[in-house]
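Visitor: Can you read through this structure? Questions will come right after.
Each value in this text was obtained by applying a stated rule to the coordinates, not by laboratory testing. Since this is a predicted model, take the numbers as computed values, not measurements. Methodologically, a virtual Cβ is constructed for each residue, glycine included, from the backbone with ideal geometry; neighbour enumeration extends over all protein chains shown.
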């Protein structure tokens, strides 16, 4: 099996050499994994009937031939020395090849819900990245719709579903960094995990905080801890904001001169606050203190010559 026939002769080739085909793990990552039963059934079909569908090859500018679809068939044909055909496509870049692969996977009818969610999430992240890292396009000639809204219409789901898909895809890739086998097991349904646990991983900026995901129990425990830490930070922030509001209110009360107070006492407090604001303005060159000084000066004017003059 040295020469392999090319089915689309318009590509400029009639045959390619078997040894020239490259399999790149970074691209194989975009292939839907098969269950053991499905892989076994595919192997039996190919052994009995041959490889009926051509594999898809990306011919790069330098002439390199990279496999972009048919990895399972390629593995089976290689194992049993079964001939196969190929069709050749050309892409401008590896990123364009990845986009084609994701769209090709999304076109399959046999994706389970987690696989569909994963590939929709991948597509969302890649589209958003092309749009400058934002979920909305504002530049000339581009749609003003959010990326999530565009994909929601394409797949007939809500835009919120697309956003959850993106978190799921990112969480799956976090798992794959240290445990690629677990990624495949989740997408194949071999192991059951909470989707929310996977999505929680996507919200962590420093992946060192997560470490290696060993198994389902480890994922659950890490997700629980991450949620607790997030809630603690949220509660601490809320308490801090509350404390600041209380302190501001106390400071306002402290510095206020209520009309029902003794007039001499009001003027005395205004004078002290005015001097304090003036000194702070001069010493620290603080514009806010200058505004405070003007405010106290206005209060003093009201007390002596204005609406509180006879109070």
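Visitor: Quick one, which of [x] -0.85; [y] -0.95; [z] -1.04 is the actual log10 I(q)/I(0) by the Debye sum over Cα atoms at q = 0.13 Å⁻¹ calculated for this model?
Guide: For log10 I(q)/I(0) by the Debye sum over Cα atoms at q = 0.13 Å⁻¹, the calculated option is [z].
Visitor: Related question: Given a cut-off of under 8 Å on Cα pairs at least six residues apart, what relative contact order in percent is computed for the chain? Walk me through the intermediate numbers first.
Guide: Values: 338 pairs, mean separation 32.4, N = 311.
Here the relative contact order equals 10 percent.
Visitor: Taking the simple approach of a point 7 Å from Cα along Cα-to-Cβ for both residue 104 and residue 208, what is their distance in nm?
Guide: About 3.9 nm, to one decimal.
Visitor: By how many degrees, 0 to 90 and rounded to 10, does the Cα axis of helix 159-178 deviate from the longest principal axis of the chain?
Guide: Roughly 70 degrees, rounded to the nearest 10.
Visitor: Which percent, to the nearest 5, of DSSP beta bridges fully inside the chain are antiparallel? Before the final figure, lay out each step's value.
Guide: Values: 8 of 15 bridges.
Close to 55 percent.
Visitor: Something else: Show me the ranking of peptides 4-10, 163-169, 285-291, 275-281 by mean Cβ neighbours inside 10 Å, starting with the highest. Write out the running numbers ahead of the final one.
Guide: On the way: 4-10: 14.1, 163-169: 22.4, 285-291: 12.6, 275-281: 15.9.
So the order, starting with the most tightly packed, is 163-169, 275-281, 4-10, 285-291.
Visitor: Beta carbons within 10 angstrom, averaged per residue: use that to sort the peptides 42-52, 77-87, highest first. Intermediate results must be reported in sequence, preceding the final value.
Guide: Values: 42-52: 13.8, 77-87: 15.5.
Highest-to-lowest ranking by the protection proxy: 77-87, 42-52.
Visitor: Measure off 7 Å from each Cα along the Cα-to-Cβ vector at residue 26 and residue 13, then give the distance between these two points in nanometres to one decimal.
Guide: Here the answer is 2.0 nm between the modelled labels.
Visitor: With the chain treated as a Gaussian network of Cα nodes joined by springs under 10 Å, which of 126, 266, 109 yields the largest mean-square fluctuation?
Guide: With Cα springs under 10 Å in the chain, the top fluctuation among 126, 266, 109 is at 266.
Visitor: On a 0 to 90° scale, report how tilted helix 71-80 is relative to the longest principal axis of the chain, with both axes built from alpha carbons and the result rounded to the nearest 10.
Guide: Approximately 30 degrees, to the nearest ten.
Visitor: Based on DSSP H runs of at least 4 residues, each adding -39500 (n - 2.57), what is the mean residue ellipticity at 222 nm of the chain after dividing by all its residues, to the nearest 500 deg cm²/dmol?
Guide: Working: 12 runs with 185 residues, N = 311.
Theoretical 222 nm ellipticity from helices: -19500 deg cm²/dmol.
Visitor: Just check the range 147-304 against the gyration tensor rule for me: Cα atoms, a ≥ b ≥ c as the square roots of the eigenvalues, rounded for a/c under 1.5, and otherwise prolate or oblate depending on whether a/b exceeds b/c. Working shown, then result.
Guide: Values: a/c = 4.05, a/b = 3.23, b/c = 1.25.
Verdict is prolate for the range 147-304.
Visitor: According to the square roots a ≥ b ≥ c of the eigenvalues of the Cα gyration tensor, what is the shape class of the range 60-204, taking rounded for a/c under 1.5, prolate for a/b larger than b/c otherwise, and oblate for the remainder? Display every interim value, and only then the final one.
Guide: On the way: a/c = 2.06, a/b = 1.24, b/c = 1.66.
It comes out oblate by the Cα gyration axes.
Visitor: When only Cα pairs under 8 Å and 6 or more residues apart are kept, what is the percent relative contact order across the range 159-202? The partial results should precede the final answer.
Guide: Values: 31 pairs, mean separation 23.6, N = 44.
The normalised contact order for the range 159-202 reaches 54 percent.
Visitor: Working from Cα positions, state the angle (0 to 90°, nearest 10) between the long axis of helix 216-255 and the longest principal axis of the chain.
Guide: Helix 216-255 and the main axis of the chain meet at about 20 degrees.
Visitor: Rounded, prolate or oblate: which fits the range 159-199, taking a ≥ b ≥ c as square roots of the Cα gyration tensor eigenvalues, rounded meaning a/c under 1.5, else prolate when a/b beats b/c? Kindly include the intermediate steps, with their values, before the conclusion.
Guide: Values: a/c = 2.38, a/b = 1.61, b/c = 1.48.
In terms of gyration-tensor shape, prolate.
Visitor: While we're on this one: Extending each Cα 7 Å along its Cβ direction at residue 225 and residue 294, get the distance between those two points in nm, one decimal.
Guide: Once both label points are built, they end up 5.4 nm from each other.
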